[in-house]
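Q: Here it is: the structure, laid out below.
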Amino acid sequence: MFTLPIGSGVRLCLPIFSARLLLTAFILSPMSLTVVAEPLVGEPLSPLPTLESLQLDPNKIKLGERLFHDTRFSRDNSTACVSCHSLSKGGADGRKNSIGVRQQMGVINAPTIFNSGLNFRQFWDGRSDSLEDQVDKVVHDARELDMNWEDLLKLLSTDASLVAEFNTAYPQEGLQASSIQNALASYQRSLLTPSRFDRYLLGDSKALDQDELKGYQLFKDYGCIACHQGVNIGGNMFQKFGVMDDYFAKRGSISAADLGRFNVTQQEADKHVFKVPSLRNVALTAPYFHDGMTDTLEDAVDVMFRHQLGRTASEVDKRMIVKFLNSLSGEALGAKP
Amino acid sequence: MKPILRRLLGVVLSLGLIAILLALVQKTRSIDTTLLQQVNGQLRELKQVDATWNLDILRSKIGINKNYDQVTTPLQWLQKNQPALMKAANQANESAIKQAADDLKTVINEKISLVDRFKMQNALLKNSLRFLPTAVGQLRDQIVAVTLSDTSIGINNTEQISKLEVTASEMLTELLKYNLAPDEAIKARVAGLLEKLAEAPSSTYPEQIQSQVRMIVNHAQTVLKQKESEDQVLASIDQVPITVRIDQLATQFERSFDLALQEKEQWRMALIAYSAGLLLLLAFAMIAVWRSYRSLDQANAFLEQRVEERTRDLSTALAHLRESQLQLIQSEKMASLGQMVAGIAHEINTPLAYVKGGLEILNARMGDVDTLVTETSRLMNLMTQEPQEDEAKHEQQLADQFATVQELSSAFVETETVGEVKGLLGDGLYGIGQISEIVGNLKDFSRLDRARVAEFNVNEGIASTLKIARNLVKHRRIEQQLGEVPLIRCSPSQINQVLLNLINNACQATTEETGVVTIVTRPTEQGLAIEVRDNGHGISPEHLSKIFDPFFTTKKVGEGTGLGLSIVQRIVNEHGGDIQVDSVLGVGTCFTVNLPREYQAQSENGLNELNQGGTA
């Protein structure tokens, strides 16, 4: 009964809001004034969904953002989520391995937080089914935040304004481990980074230049697309690292993290199997791979050709592919060439 | 202690019975079918999701799906719905359901990991299958280029290289065949051809060709390996008994629901039986209550009877009391009357003594008068009588008679008898006058000749009372300060009784030599006030509060009844007035009576009663 007026109010507001957005979009984007674009069909890559289509609760996103920056999540009050997932560093930290609580060196390269809601699993080894579970694991990890919910809740419950925000966003649960997880997950799901390439997929044929288009074609022809496909250009499957040529034998000094999914399933076949990372914002998230041993995108493309595709490509082709990869950076993130 | 324990036991017992009833009601609450419907709905949906999943896997396999997003969407569904399903299973709190749910979860996880593996293999297989024709073509181009440009190879080698190309092409054909229709024979042929390719005396070939061949072999082997395991994985995926497990879980849920229904039915029967038992108990309790109520009723009737008897006894006692009170009042009246009669007798005695003395003297004198009258009468006869025989003798007799009468009458004169008799008669008349005055006073005082209630001048009442009480008051100094008071309607004889009593008391409280009794009347707002003051010994404070109590007296036994002041108070109250007393020991006492002009009508009965008491 009493939710009706609120709901109808929102419904009343939304058209006005979206109409204003559309208006600004028309003014700002000269492209919109041209022919109405038709999205491309039959492509192995899909454009990002709109934030609206995810139907996230703005209160939860706001709350999650606040928590994302909260260093109380770490045992020594030094580290927050944002410490390793800086929004200005492509959603990662630019380090080979991240630095967690008590200045401890992590064991793996931090993946980007951007578009992580579109990944089918979380972590390089896919040990979390959901972002909520990922939050739980990061909070408890002795090298990352080294916290537990009991202590964290005790700490946060003294923060009246935070508790009030929780009571607003989660009227039934209030401040709880589950609501913290959901708030952070909601925030992460909202971190979508539409790129020029998305615009291309949506029918803006001029969003990519010729080299980039060529690079996209090569990306498909050489078979990169076999794994890096779908809406997140990866992130929806596992693959062994070094299928055509042994990566670890060449690199040496194999660590536990190098075993990948084996650590989760304990199956021989899962040794060195990792989640195929999303290539969105790949140009912003060097160094590369789970070990962070590759500094440049060009080298990363080389590694992939050698170990995953088991074939060679010309330097020109690889340059084109790198150019294409650069078009995957979120436009709002100030994509660098 | 024992009743408390029993009551406590009763409360605990009733609470226990109610608790059992509530528990039974709780147990028979209708089963929430929404949960079952929800679960059924989810399981149906899961079946649908699973079917679509299988379809998408096949689509991915044959390349209709351009990416694996569709193959991963079931994960999102599971992530969203599986916790609720597991929660429902746990809520069911039945091991069979939990087991079935766990089984379902296990097969789902199995399928998830199989699909993960499928994606891995499919991606590699697709790439290698795509690349192999290109690679073989590249090899051909390279061989052509080498044979054309490099003559150093030699004819023998050229043949072999050509053979290599043929082998590679053959292998590719067989491999593609194998991919379309996996067959052990074809696989063996492919393996043989690959061996041949790998065995080729490669060291003599140009490096470019060697590596190209290695690449081809590598990819072909990948195809063989991935194809085989992809088929295995697909077969395994096909065999994952998700549908069976879903049906099992659904069956378990339904079975548990049916069981719950049955159990509920049993509980319902139990509830009915229990309720019937409770009703029976209640009926017993009601019978017991009715019985005790009845006995209570009887006891009540008995009690009422007893109360009635007591009331009757009490009213009899009250009547007796009243009677004896009236008798007491009567005796007090008689006592007062006696006192008054004594006074009056004394009053009357004195004049009576004059009268008696005078009459006695008169009686004594009557002999002389009689003698005189007789001798005079004889003289008269002698004088008037004719001498019959002897003149001289007659003469003599006459002279003698005359001398006797003369002697007698001179003695009369000498002794002044007539004067004395007159004096005596005067005295006697005076005495009689006094007596008749006293009788008149008595009549005035008692007002027996007047109406019981009449307009009455209290000052007159005081005057007649003082006269009646003259015997008492004659030795006291009586000071009267009578004001101009209005006539009041009252019973005069009773007011006189009051006055007599107060004056009597005042005189008795004082001594003969020094006693002063002051009687004051004055008009008041309501009517008038009468004060009777004395300078006597006063009343001690401890007696002061008791003086109006019946039978309270400080006089010796026999002297007073102790009812005087009590009756005074009653008379005054019956007249609607009041009486107050002030007394200081050794200084004196003052009684003040306030009387209204009209006495209260409702107290007429009381007055009548008093009057009856007074006249009975």
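Q: Ignoring ligands and nucleic acids, what accessible area does A:ARG143 show with a 1.4 Å probe (Å², nearest 10)?
A: About 110 Å², rounded to the nearest 10.
Q: Chain B: longest stretch without exposed GluC sites (Glu not before Pro) (DSSP loop, at most 16 other Cβ within 10 Å), sites themselves excluded?
A: B:1-388
Q: Work out, step by step, the length gained on full extension between B:SER275 and B:ALA319: first 0.36 nm times the residue separation, then minus their alpha carbon distance; give nm to one decimal.
A: 9.6 nm
Q: Cα gyration tensor of region B:129-236, axes a ≥ b ≥ c as square roots of the eigenvalues: rounded (a/c below 1.5), prolate (a/b > b/c) or oblate?
A: Verdict is prolate for region B:129-236.
Q: Rounded, prolate or oblate: which fits region A:173-264, taking a ≥ b ≥ c as square roots of the Cα gyration tensor eigenvalues, rounded meaning a/c under 1.5, else prolate when a/b beats b/c?
A: oblate
Q: Express as a percent, rounded to the nearest 5, the fraction of DSSP beta bridges in chain B (both residues included) that run antiparallel.
A: 75 percent
Q: First check a/c for region A:196-333, with a ≥ b ≥ c the square roots of the eigenvalues of its C-alpha gyration tensor; if it is under 1.5, answer rounded, and if not, answer prolate when a/b is larger than b/c or oblate otherwise.
A: Because a/c hits 1.5 or more and a/b exceeds b/c, region A:196-333 counts as prolate.
Q: Name the residue from B:GLN221, B:ALA19, A:SER161 whose Cα lies farthest towards the positive end of the charge dipole of the protein assembly as shown, charges +1 on Cβ of Lys and Arg and -1 on Cβ of Asp and Glu.
A: Most positive-ward Cα: B:GLN221.
Q: May I pose another question? Work out, step by step, the length gained on full extension between B:ARG306 and B:ILE18: first 0.36 nm times the residue separation, then minus their alpha carbon distance; give nm to one decimal.
A: Additional length available on full extension: 99.4 nm.
Q: Additional query: Dipole of chain B (Lys/Arg Cβ +1, Asp/Glu Cβ -1, origin at the Cα centre): which of B:HIS346, B:ALA181, B:HIS543 lies farthest to the positive side?
A: B:ALA181
Q: Can you give me the % of accessible surface on region B:129-236 that is carbon or sulfur? Probe 1.4 Å, all protein chains present, nothing else counted.
A: Here carbon and sulfur together make up 54 percent of the probe-accessible area.
Q: In addition: Ignoring ligands, DNA and RNA, how do B:ASP50, A:ASP245 rank by accessible area with a 1.4 Å probe, largest first?
A: Highest to lowest solvent-accessible surface, that is A:ASP245, B:ASP50.
Q: Binned at 10 Å from 0, what are the whole-percent values of the Cα-Cα distance distribution for region A:282-326, short to long?
A: Spelled out bin by bin, region A:282-326 gives 29, 58, 14 percent.
Q: Cut-off 13 Å, label point 7 angstrom out along Cα-to-Cβ of B:LYS27: give me the residues of region B:275-314 whose amide nitrogen falls inside.
A: Counting backbone N atoms under 13 Å from the label point, the list is B:275.
Q: Let me ask something additional. Please name the residues of region B:55-79 whose accessible area, counted over protein heavy atoms with a 1.4 angstrom probe, falls by no less than 20 Å² between the chain alone and the full protein assembly.
A: Flagged in region B:55-79: B:LYS66, B:ASN67, B:TYR68, B:ASP69, B:THR72, B:LEU75, B:GLN79.
Q: From the phi angles alone, apply the Karplus equation (6.51, -1.76, 1.60; θ = phi - 60°) to region A:243-252 and give each ³J(HN,Hα) in whole Hz, x where the residue is Gly or Pro.
A: Computed from phi, the couplings for region A:243-252 are 6, 9, 7, 5, 6, 7, 4, 6, 6, x Hz.
Q: While we're on this one: Can you pull the one-decimal nm distance between simple spin-label points at B:THR524 and B:ALA283, each 7 Å off the Cα toward Cβ?
A: 7.7 nm
Q: Given only helices, namely DSSP H runs of n ≥ 4 each adding -39500 (n - 2.57), what is the per-residue ellipticity at 222 nm of the protein assembly as shown, to the nearest 500 deg cm²/dmol?
A: That comes out to -21500 deg cm²/dmol.
Q: Right, here's the next one. So how exposed is B:MET120, as accessible area in Å² (1.4 Å probe, rounded to 10)?
A: The accessible area comes out at roughly 20 Å².
Q: Take region B:15-85, compute every pairwise Cα distance, and split them into 10 Å bins from 0; I just need the percent in each bin.
A: Distribution as computed: 18, 28, 19, 14, 10, 8, 4, 0 percent.
Q: Just how large is the dipole of the protein assembly as shown about the Cα centre, in debye to the nearest 20, putting +1 at every Lys and Arg Cβ and -1 at every Asp and Glu Cβ?
A: 6440 debye
Q: Still on this structure: Label 7 Å along Cα→Cβ of A:GLU38; region A:172-203 residues with amide nitrogen under 15 Å?
A: So the set is A:201-203.
Q: Taking every alpha carbon pair in region A:31-110, what does the distance histogram look like in 10 angstrom bins from 0, in percent?
A: Histogramming region A:31-110 at 10 Å steps yields 15, 28, 25, 21, 9, 2 percent.
Q: Can you list the residues, at least 5 places off or on another chain, whose amide H is less than 5 Å from the amide H of A:THR294, using H built in the peptide plane?
A: Excluding prolines and chain starts, which carry no amide H, the hits are A:TYR288.
Q: B:SER292: accessible area at probe 1.4 Å, nearest 10 Å²?
A: The accessible area comes out at roughly 60 Å².
Q: When only alpha-carbon atoms are used, what values of Rg and Dmax, in angstrom, describe the protein assembly as shown?
A: Taking only Cα atoms of the protein assembly as shown, I get Rg and Dmax of 72.0, 262 Å.
Q: Hey, what does the equivalent ellipsoid look like for chain B, semi-axes from the Cα gyration tensor as sqrt of 5 times each eigenvalue, largest first, whole Å?
A: Each semi-axis is the square root of five times an eigenvalue, giving 168, 28, 17 Å.
Q: Then there is this: Taking a 1.4 Å probe, which of B:TRP290, A:TRP124 shows the most accessible area, and what order do the others take after it?
A: Ranking B:TRP290, A:TRP124 by accessible area, largest first, yields B:TRP290, A:TRP124.
Q: Let me ask another. Accessible area per residue of chain B at 1.4 Å probe, in Å²?
A: 58 Å²
Q: Let me ask something else about it. If I take R0 = 22 Å and measure r between the Cβ atoms of A:ASN263 and A:ALA142 in this structure, what FRET efficiency does the formula 1/(1 + (r/R0)^6) give, to the nearest 0.05?
A: Efficiency, from the Cβ-Cβ distance: 0.90.
Q: Amide H of A:ILE99: which non-local residues (sequence gap of 5 or more, or other chain) have their own amide H closer than 5 Å, using H built in the peptide plane?
A: A:GLY106
Q: Looking at chain A from every direction and averaging, what is the projected area of its Cα convex hull in nm²?
A: Averaged projected hull area, Cα only: 19.6 nm².
Q: How much of the DSSP bridge set in the protein assembly as shown is antiparallel, in percent, rounded to the nearest 5?
A: That works out to approximately 75 percent antiparallel.
Q: Right, next: Find which of A:HIS290, B:PHE402, B:PRO3 sits farthest along the positive direction of the dipole of the protein assembly as shown, computed with +1 on the beta-carbon of Lys and Arg, -1 on that of Asp and Glu, about the Cα centre.
A: The residue sitting farthest along the positive end of the dipole is A:HIS290.
Q: Would you tell me the mean number of C-beta atoms belonging to other protein chains that fall within 10 Å of each C-beta in B:119-131, as a whole number?
A: Whole-number average of other-chain Cβ neighbours for B:119-131 is 6.
Q: If Rh is defined by the Kirkwood formula over all Cα pairs and Rg also comes from Cα, what ratio Rg/Rh do you get for region A:53-189?
A: Checking Rg against Rh, the ratio lands at 0.94.
Q: 5 Å is the cut-off here: which amide hydrogens, built 1.01 Å from N in the peptide plane, fall below it relative to A:GLY260, excluding neighbours closer than 5 in sequence?
A: A:HIS272
Q: Which lysines have a Cα less than 26 Å from the Cα of A:LYS318, not counting those fewer than 8 places away in the same chain?
A: Excluding near neighbours in sequence, the set is A:LYS89, A:LYS96, A:LYS206, A:LYS214, A:LYS220, A:LYS240, A:LYS250, A:LYS275, A:LYS336, B:LYS66, B:LYS119, B:LYS126.
The values are calculated or read from the model by the stated rules, or taken from the named source; none is laboratory data. Everything numeric here is computed off the predicted structure, so don't read it as measured data. Using ideal geometry, Cβ is built from the backbone for each residue, glycine included, and neighbour counts are taken over all protein chains shown. To get the accessible areas, we keep the full protein, side chains included, count just its heavy atoms, and leave off ligands, DNA and RNA. Shrake-Rupley method; radii C 1.70, N 1.55, O 1.52, S 1.80 Å.
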